[in-house]
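K.L.:
Here it is, the structure in full.
The values are calculated or read from the model by the stated rules, or taken from the named source; none is laboratory data. Nothing here was measured: the structure is a model prediction, and the numbers come from that model. We place every Cβ from the backbone using ideal geometry, glycine too, and count neighbours over all the protein chains shown.
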Amino acid sequence: MNYKARIAVFGGREISDDIYQDTVKIGEKLAQEGYLIYCGGGEGVMEAICKGVKQESGVSIGILKGSDLSEANQYLSIPILTNMGITRNSLLAMNADLAIAISGKYGTLSEIGYALQLKIPLIGYKTWDIAGVKQADSLDEVYSLVDELL
């Protein structure tokens with residue numbers, strides 16, 4: 001299958017129900033549009049994005065921190081074990097044509113930093129407000145920024 005582009009989704013493990021539902025919708029839309037999705041493969045934002053992608057028969061690749069498949073969420077299409085811990089955050093940015101940061105704490109912040117260093121276009125949704133991150137205030141704004149930046 002040919003994909004339009006590779007999109008990495010960064011985000012936290014501990015998120016609100018609203019963020020979870022919004023992230024599922026983002027995953028659905030990205031899969032409908034034909035994007036290949038990368039994420040950390042775990043819980044929270046990572047699970048929600050994979051769930052949305054799976055519901056639309058898309059493909060999500062999870063770059064896992066450990067060496068055990070049990071850390072992968074149930075919706076993930078392809079798990080990749082790294083045994084690299086948080087060092088794997090750099091791999092997410094390196095494999096993206098565009099990144100979307102959703103919510104998150106310091107792990108998400110590190111992923112944002114890698115994307116900015118690599119000059120990967122980056123959209124922020126309810127996350128860190130940092131120079132270089134195009135902030136979206138709504139789901140429609142996320143979608144239009146994806147189109148604009150790619």
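K.L.:
Say we look at the range 123-150 and pick out the residues that are hydroxyl-bearing (Ser, Thr, Tyr) and free of Cβ contacts under 8 Å to residues at least 12 places away in the same chain; which of these is surrounded by the most Cβ atoms within 10 Å (Cβ to Cβ)? Outline the logic, then answer.
P.N.:
Taking the range 123-150 first, the residues hydroxyl-bearing (Ser, Thr, Tyr) are 125, 127, 138, 143-144.
Still in the running and free of Cβ contacts under 8 Å to residues at least 12 places away in the same chain: 138, 144.
Values: 138: 10, 144: 13.
Among residues in the range 123-150 that are hydroxyl-bearing (Ser, Thr, Tyr) and free of Cβ contacts under 8 Å to residues at least 12 places away in the same chain, the one surrounded by the most Cβ atoms within 10 Å (Cβ to Cβ) is 144.
K.L.:
Looking at 93, 48, 31, 99, which one is in contact (Cβ under 8 Å) with a residue 40 or more places away in the chain and in a helix (DSSP H, G or I)?
P.N.:
93
K.L.:
Follow-up question, since we're still on this one. Assess whether residue 83 counts as being of a type in the set (S, T, N, Q), surrounded by 15 or more Cβ atoms within 10 Å (Cβ to Cβ) and over 17 Å from residue 2 (Cα atoms).
P.N.:
The answer is no for residue 83.
K.L.:
Could you go through the range 59-72 and let me know if any residue there is in contact with a strand residue (DSSP E or B) (Cβ under 7 Å, 6 or more places away or on another chain) and among the basic types (Lys, Arg).
P.N.:
Scanning the range 59-72, I find no residue that is in contact with a strand residue (DSSP E or B) (Cβ under 7 Å, 6 or more places away or on another chain) and among the basic types (Lys, Arg), so the answer is no.
K.L.:
Out of the residues in the range 125-141 that are part of a loop (DSSP other than H, G, I, E, B) and of a type in the set (Ser, Thr, Tyr), state the one that is farthest from residue 45 (Cα to Cα).
P.N.:
So, considering only residues that are part of a loop (DSSP other than H, G, I, E, B) and of a type in the set (Ser, Thr, Tyr), the one farthest from residue 45 (Cα to Cα) is 138.
K.L.:
Every residue in the range 122-132 that is farther than 11 Å from residue 10 by Cα and either of a type in the set (A, V, I, L, M, F, W, C) or within 13 Å of the chain's Cα centre (by Cα) (or both), please. Show your work before the answer.
P.N.:
We begin by selecting, within the range 122-132, every residue farther than 11 Å from residue 10 by Cα; these are 126, 128-132.
Within the range 122-132, 128, 130, 131 qualify.
K.L.:
Being more than 14 Å from residue 38 (Cβ to Cβ) and surrounded by fewer than 18 Cβ atoms within 10 Å (Cβ to Cβ), is that true of even one residue in the range 94-105?
P.N.:
For the range 94-105, residues more than 14 Å from residue 38 (Cβ to Cβ) and surrounded by fewer than 18 Cβ atoms within 10 Å (Cβ to Cβ): present.
K.L.:
Which numbered condition trips up residue 118, out of (1) under 23 Å from residue 141 (Cβ atoms); (2) at pLDDT 95 or above?
P.N.:
Just one mismatch for residue 118, condition (1).
K.L.:
Mind telling me which of the residues 110, 138 ends up being over 16 Å from residue 25 (Cα atoms) and of a type in the set (S, T, N, Q)?
P.N.:
Sole residue among the options that is over 16 Å from residue 25 (Cα atoms) and of a type in the set (S, T, N, Q): 110.
K.L.:
Just one of the numbered conditions (1) in a loop (DSSP other than H, G, I, E, B); (2) crowded, with 23+ Cβ neighbours inside 10 Å is not true of residue 75; which one?
P.N.:
All conditions pass for residue 75, except number (2).
K.L.:
Under the condition of being over 12 Å from the mean Cα position of the chain (by Cα) and within 13 Å of residue 146 (Cβ to Cβ), which residue from the range 29-63 is surrounded by the most Cβ atoms within 10 Å (Cβ to Cβ)?
P.N.:
My answer is 31.
K.L.:
While we're on this one: Name, by its number, the condition in (1) in contact (Cβ under 8 Å) with a residue 40 or more places away in the chain; (2) in contact with a Ser or Thr (Cβ under 9 Å, 6 or more places away or on another chain); (3) in a loop (DSSP other than H, G, I, E, B) that does not hold for residue 120.
P.N.:
Status for residue 120: all satisfied but (2).
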